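Only one structure is covered here, and it is reproduced in the block below.
The values are calculated or read from the model by the stated rules, or taken from the named source; none is laboratory data. In this text the structure is predicted, and so the values were computed from the model without any measurement. When we count neighbours, we look across all protein chains shown, and the Cβ atoms used for this are built from the backbone with ideal geometry, even at glycine. Note: accessible area is taken over every heavy atom of the protein model, side chains too, but ligands, DNA and RNA are not part of it. Shrake-Rupley method; radii C 1.70, N 1.55, O 1.52, S 1.80 Å.
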Amino acid sequence: EATPAESVGKLVLRAREAQSRWAQKPLEERMEIVFKVKDRILDAGEEIARTLHTECGKPEGEAWTAEVVPNADLVEHWVEVIEDALAPEEISLDPMTYPGKSGAIHAVARGVIALITPWNFPIAIPLRTIVPALLAGNAVVFKPSEHSPRAGALIGKLFEGILPPDLLVIVQGAGDVGAALVNASPDLVVFTGSVPTGRK
């Protein structure tokens with residue numbers, strides 16, 4: 001069922017509220033929560049493969065090797081590297097100009113990430129943004145392709161009961177819903193799709 005375009009702005013606001021609380025959690029706690037999705041992916045492997053076969057025509061064997069096992073590994077990978085990825089990066093300062101000073105770049109959450117992805121890898125492509133974005137303290141509002149809505153809903157189901165409410169929001173529909181999402185003032189837009197749509 002398509003999400004009414006006029007409701008997208010409210011959903012983004014709810015995600016923003018959830019994000020502010022999520023970003024305050026210690027990184028170790030976010031890692032512990034997100035890591036639970038690894039087992040969820042493996043446990044749902046048959047459902048994922050079946051859904052991708054019926055919805056996208058992908059052979060079930062290919063779904064296992066391209067969108068089930070690698071995504072379980074993806075979760076584990078990001079949980080292993082996120083501390084280093086977010087660690088403060090020291091920068092050198094000229095001691096003559098800045099005597100006794102030190103500098104560092106600190107990574108902070110962007111806020112609400114709008115994610116729009118295509119139908120051809122409808123589990124793998126979104127998770128490559130969702131997992132590190134959540135670990136880094138962001139919320140994600142995700143619009144899957146209108147050609148693979150069941151796969152998009154399945155991603156929401158993988159995180160259900162693990163994440164706080166409204167931290168990962170799935171909106172369904174065509175270009176009007178995607179446009180409404182982009183126009184709802186997210187902090188970052190991640191888009192995979194055609195060049196003409198990307199330019200729009």
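Annotation: the antiparallel percentage among DSSP beta bridges lying fully within the chain is about 20. To test your reading of the geometry: what angle, between 0 and 90 degrees and rounded to tens, separates the Cα axis of helix 45-56 from the longest principal axis of the chain? It is inclined by approximately 70 degrees. When the chain is treated as a Gaussian network with alpha carbon springs shorter than 10 Å, the biggest mean-square fluctuation among Leu167, Leu154, Leu188 belongs to Leu188. Put a dot 7 Å past the Cα of Arg150, heading toward its Cβ, do the same for Asn120, and the two dots end up 2.2 nm apart.
Within the same chain, lysines fewer than 8 places from Lys101 are excluded, and of the rest, none has a Cα less than 24 Å from its Cα. Counting protein heavy atoms only, the chain has 53 percent of its accessible area on carbon and sulfur, 1.4 angstrom probe.
Entry comment: accessible area of the chain is 54 Å² per residue, from protein heavy atoms only and a probe of 1.4 Å. Charge tally for Pro4 (other residues, Cβ to Cβ under 12 Å; Lys, Arg +1; Asp, Glu -1): -2.
For the stretch 11-114, trypsin sites (Lys or Arg not before Pro) meeting the loop criterion (DSSP other than H, G, I, E, B) and having at most 14 other Cβ atoms within 10 Å: Lys101.
Exposed loop sites here mean GluC sites (Glu not before Pro) with a DSSP loop assignment and at most 11 other beta-carbon atoms within 10 Å; the chain contains its longest site-free run at 2-159. Between the stretch 16-32 and the stretch 140-163, the C-alpha centres lie 20 angstrom from each other.
Please give the net charge around Val189, taking every other residue with its beta carbon less than 11 angstrom from that of Val189, where Lys and Arg add +1 and Asp and Glu add -1. Here the count lands on +1. Taking the C-alpha atoms only, the angle from helix 149-159 to the longest principal axis of the chain is near 50 degrees.
Pairs with C-alpha atoms separated by more than 24 Å, drawn from the list Lys58/Lys143; Lys25/Lys143; Lys10/Lys157, are Lys25/Lys143.
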